1. So how far apart, in nm, are the two label points at residue 268 and residue 56 if each is 7 Å from Cα heading toward Cβ?
2. I'd like the FRET efficiency for residue 277 and residue 426, computed as 1/(1 + (r/R0)^6) with the beta carbon distance as r and R0 of 22 Å, rounded to 0.05.
3. How much length would be gained if the chain were fully extended between residue 414 and residue 5, taking 0.36 nm per residue of separation minus their Cα-Cα distance, in nm to one decimal?
4. Strictly greater than 21 Å: what percent of every Cα pair in segment 172-241 meets that?
5. Test of understanding: what is the full-extension gain from residue 318 to residue 13, defined as 0.36 nm times their sequence separation minus their Cα-Cα distance?
6. Project the alpha carbons of segment 126-254 onto their principal axes and report the range along each, largest first, in whole Å.
7. Can you show me the helix-derived [θ] at 222 nm for the chain, built from DSSP H runs with n ≥ 4 at -39,500 (n - 2.57) apiece and divided by the number of residues, rounded to the nearest 500.
8. I'd like the FRET efficiency for residue 30 and residue 83, computed as 1/(1 + (r/R0)^6) with the beta carbon distance as r and R0 of 30 Å, rounded to 0.05.
């Protein structure tokens with residue numbers, strides 16, 4: 001399989017042309033997107049204009065390090081002049097006035113941005129079925145989901161609509177769809193990549209990372225989107241290592257931790273067999289398999305869905321239909337209350353004035369036109385899954401429940417992180433399946449939120465601990481759908497998971 005480095009060599013030598021590459025990808029989008037629904041926004045003329053400009057730079061020898069890379073962008077990352085809907089009615093007309101830091105970095109290195117990718121609303125979901133744009137379907141079988149919440153980004157790469165794409169990962173939203181769609185998905189260490197310009201879901205969990213067709217391309221992408229950013233107050237001021245060199249110099253003697261907690265009940269038998277066969281091959285090739293324990297793993301799902309929903313409740317409070325976001329129709333509220341729209345406007349002016357705190361407190365206790373406007377705007381703007389998570393998050397933060405739920409979950413989060421810290425004293429990476437099953441059928445889990453949440457059972461721990469993880473294709477299930485293998489590494493040790501992922505690729509090519 002060609003990687004971007006080889007494509008760049010062909011571009012520099014004149015054997016191919018970026019405009020021709022872009023034209024082929026645009027053709028793939030036209031032919032496949034009606035059935036897959038991975039791309040929700042693109043401008044053919046703009047893409048071809050960018051391609052021609054970048055090709056001129058390549059021909060003159062003045063191009064950036066990502067020239068030749070055709071990139072899809074999840075619809076939760078801000079691009080100046082583009083709609084950033086987050087797949088929600090709440091933001092269906094929102095147009096960004098600035099570029100996210102990762103977009104600035106891509107453009108500075110002459111990456112070609114081809115389109116916006118579908119997702120679960122506000123990145124809340126595991127199937128990309130919760131979207132105003134409709135569900136994204138799995139390119140391997142369109143009756144099945146692509147995974148989520150970055151399902152559009154994964155499917156776009158799998159369906160050959162772009163070379164690489166950007167997604168976001170809050171509890172597995174890069175790695176799980178990568179597994180379902182048979183591509184590589186990399187979640188960096190928390191704070192390794194700037195979150196500036198990423199619409200927030202859960203701010204202490206959210207990470208931006210790449211999807212690709214091979215590990216080398218993920219390493220190249222991470223190389224150029226990682227780094228300190230003063231506009232993100234959680235950004236780590238640490239040097240960026242050479243990830244491309246890391247995958248070109250693979251160490252066969254990796255110490256791989258195998259946690260018993262990740263291979264027990266609930267895991268598809270065929271996936272278990274596939275992962276064990278991969279590990280056996282790695283061991284024969286020089287890796288050391290080390291049995292380890294992660295005793296607090298069983299609390300991961302509960303801990304994650306308390307903390308992440310609490311943060312979501314807080315972050316999404318800003319969408320009130322007043323400053324920005326969907327606003328309910330004034331005339332309808334006027335009819336219901338028998339009041340003039342001007343009176344509602346006056347209530348709004350009172351509430352948004354910084355010097356009117358007492359008025360705001362008084363208004364929120366009444367069923368005033370303003371409160372009715374808040375309710376209708378948020379009811380109309382948010383989908384079912386987002387409402388579910390806002391309600392859960394508000395509950396666990398409420399008086400009388402904060403200590404019982406939120407505070408306790410923070411303590412368990414620390415214990416989970418300590419489990420990983422102890423394990424990484426013994427091993428370089430930790431292995432697991434990426435997901436307990438292959439991609440399920442569209443609609444199969446829509447009425448069972450608990451079952452939907454369990455799709456993230458192997459991925460959420462990395463977000464709770466703030467460490468890095470990667471999902472790499474491990475083969476195919478007898479049902480014809482892809483299976484992924486996950487490697488997790490200690491904080492800022494992306495080189496280790498990239499090396500482990502590259503070893504899997506090499507074993508497959510050798511086999």
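A short reminder: the numbers here are calculations on the coordinates, not readings from a lab. Nothing here was measured: the structure is a model prediction, and the numbers come from that model. Neighbour counts are summed over all protein chains in view; Cβ atoms, including those assigned to glycine, are modelled from backbone coordinates with ideal geometry.
1. 4.9
2. Numbers: r = 24 Å, r/R0 = 1.07.
Computed FRET efficiency for residue 277 and residue 426: 0.40.
3. Details: separation 409, 0.36 × 409 = 147.24 nm, distance 4.01 nm.
That pair, residue 414 and residue 5, stretches by 143.2 nm at full extension.
4. On the way: 608 of 2415 pairs.
In whole percent, the long-distance tail amounts to 25.
5. Working: separation 305, 0.36 × 305 = 109.80 nm, distance 5.10 nm.
That works out to 104.7 nm of additional length.
6. 44, 36, 25
7. On the way: 19 runs with 216 residues, N = 511.
Per the formula, -13000 deg cm²/dmol.
8. Details: r = 20 Å, r/R0 = 0.67.
Step by step, r from the Cβ atoms, then E = 0.90.
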